[in-house]
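The values are calculated or read from the model by the stated rules, or taken from the named source; none is laboratory data. Note that the structure is predicted; figures quoted are calculated from it, not measured. As a convention, Cβ positions derive from the backbone with ideal geometry for all residues, glycine included, and neighbour counts pool all protein chains shown. The area values use the complete protein model at the heavy-atom level, side chains included, leaving out ligands, DNA and RNA. Shrake-Rupley method; radii C 1.70, N 1.55, O 1.52, S 1.80 Å.
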Amino acid sequence: MSTQPKSNSGESFVSLQHIYKTFNPASVNEVVLFSDFNMEIKKGQFVSVVGSNGSGKTTILNVLCGSIPVDGGNVHVNGKEIGKLKEFQRSHFIGRVFQDPSKGTCPELTILENMALADNKGGSFGLHIGVNKKRIDYYRTQLELLKLGLEDKLNLSVASLSGGQRQALALLISTMTPLDLLILDEHTAALDPRSSENVMELTEHIVRDKKLTTLMVTHNLKFAIQYGNRLVMMHRGSIVFDAAGE
């Protein structure tokens with residue numbers, strides 16, 4: 001296992017180039033987090049990012065997803081410069097699963113309605129039937145992958161599901177449409193140990209089956225090593241350890 005920073009020149013699928021980011025500029029709370037920060041990810045890599053609070057790991061995700069602006073630098077995904085795209089525009093090709101299970105689903109809607117919405121991501125919305133009944137068998141097949149028995153509960157409100165069930169569903173619906181990049185934002189942190197293991201096993205299956213390029217931030221070093229094929233450690237806005245392979 002190499003501990004040298006990865007140089008993926010000519011091979012990068014996701015690229016953060018010369019990123020600068022200062023929080024609360026010109027105030028007593030000013031924090032310079034990124035100063036000429038660079039990171040490259042190859043197509044198909046499953047990158048686990050670890051580090052202490054304030055190290056910059058979640059900010060990387062927010063920069064990629066467009067949740068926060070940068071002060072300088074370029075962001076590329078699959079050959080496209082996406083720095084000027086809004087967050088909702090990036091969501092067409094970047095899927096994100098949050099730490100809070102409630103953020104990835106609509107609790108007032110049923111499982112079926114949540115899946116129908118996800119199935120239409122990037123499409124047009126208007127005054128027409130929201131659920132395509134021809135797709136129901138497909139939704140059941142997808143839910144069977146979760147091994148939670150939800151395939152027989154399509155009309156159940158998502159609000160009635162447990163945290164582990166909702167997070168598994170959020171992971172599934174975030175990857176229903178083709179993606180360039182899957183972002184996992186500490187997606188097992190709010191779950192009990194058994195649910196965490198189940199969601200990580202499902203994550204590995206989906207990432208492998210769909211050949212997704214994946215970036216996962218986690219505080220769980222066991223998961224970082226066990227499931228990713230590249231480990232990055234952050235400290236004060238810099239990569240201090242970067243290892244790939246066995």
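Within the range 12-131, considering only strands (runs of 3 or more DSSP E) that don't extend past its boundaries, which have at least 3 residues that are among the charged types (D, E, K, R)?
31-42
Which residue, of 73, 79, is at positive phi and surrounded by fewer than 17 Cβ atoms within 10 Å (Cβ to Cβ)?
79
Please go through the range 194-214 and pick out each residue that is of a type outside the set (D, E, K, R), in a loop (DSSP other than H, G, I, E, B) and open to solvent by 10 Å² or more (accessible area, probe 1.4 Å).
Hit for the range 194-214 is 212, nothing else.
Has the range 215-229 got any residue that is of a type in the set (A, V, I, L, M, F, W, C), assigned to a helix (DSSP H, G or I) and over 16 Å from the mean Cα position of the chain (by Cα)?
Within the range 215-229, one or more residues are of a type in the set (A, V, I, L, M, F, W, C), assigned to a helix (DSSP H, G or I) and over 16 Å from the mean Cα position of the chain (by Cα).
Please verify whether the range 163-181 includes one or more residues that are open to solvent by 20 Å² or more (accessible area, probe 1.4 Å), part of a helix (DSSP H, G or I) and without any contact (Cβ under 8 Å) to a residue 60 or more places away in the chain.
Yes, there is a match, as at least one residue in the range 163-181 is open to solvent by 20 Å² or more (accessible area, probe 1.4 Å), part of a helix (DSSP H, G or I) and without any contact (Cβ under 8 Å) to a residue 60 or more places away in the chain.
Report, by residue number, each residue of the range 152-171 that is more than 20 Å from residue 196 (Cβ to Cβ) and not hydrophobic (A, V, I, L, M, F, W, C).
152, 153, 155, 157, 160, listed by residue number.
Would you please list the contacts, defined by Cβ atoms under 7 Å and residues six or more apart or on different chains, that run from a residue in the range 42-59 that is at negative phi and open to solvent by less than 10 Å² (accessible area, probe 1.4 Å) to a residue that is assigned to a loop (DSSP other than H, G, I, E, B) and charged (D, E, K, R)?
55/236
Quick one: which of 15, 48, 55 is among the polar types (S, T, N, Q), in contact with a helix residue (DSSP H, G or I) (Cβ under 6 Å, 6 or more places away or on another chain), modelled with pLDDT of 95 or more and under 19 Å from residue 217 (Cβ atoms)?
Only one candidate qualifies: 48.
Looking only at the range 219-234, which residues are open to solvent by less than 20 Å² (accessible area, probe 1.4 Å) and touching a Gly at 6+ places or on another chain (Cβ under 9 Å)?
230, 232, 234, listed by residue number.
Take the range 132-162 and flag every residue that is among the basic types (Lys, Arg), open to solvent by 90 Å² or more (accessible area, probe 1.4 Å) and either in a helix (DSSP H, G or I) or modelled with pLDDT under 90 (or both).
Of everything in the range 132-162, those that are among the basic types (Lys, Arg), open to solvent by 90 Å² or more (accessible area, probe 1.4 Å) and either in a helix (DSSP H, G or I) or modelled with pLDDT under 90 (or both) turn out to be 133, 134, 140, 147.
Based on what the data block shows, is residue 237 more than 18 Å from residue 180 (Cβ to Cβ), open to solvent by 10 Å² or more (accessible area, probe 1.4 Å) and over 16 Å from the mean Cα position of the chain (by Cα)?
In short, no.
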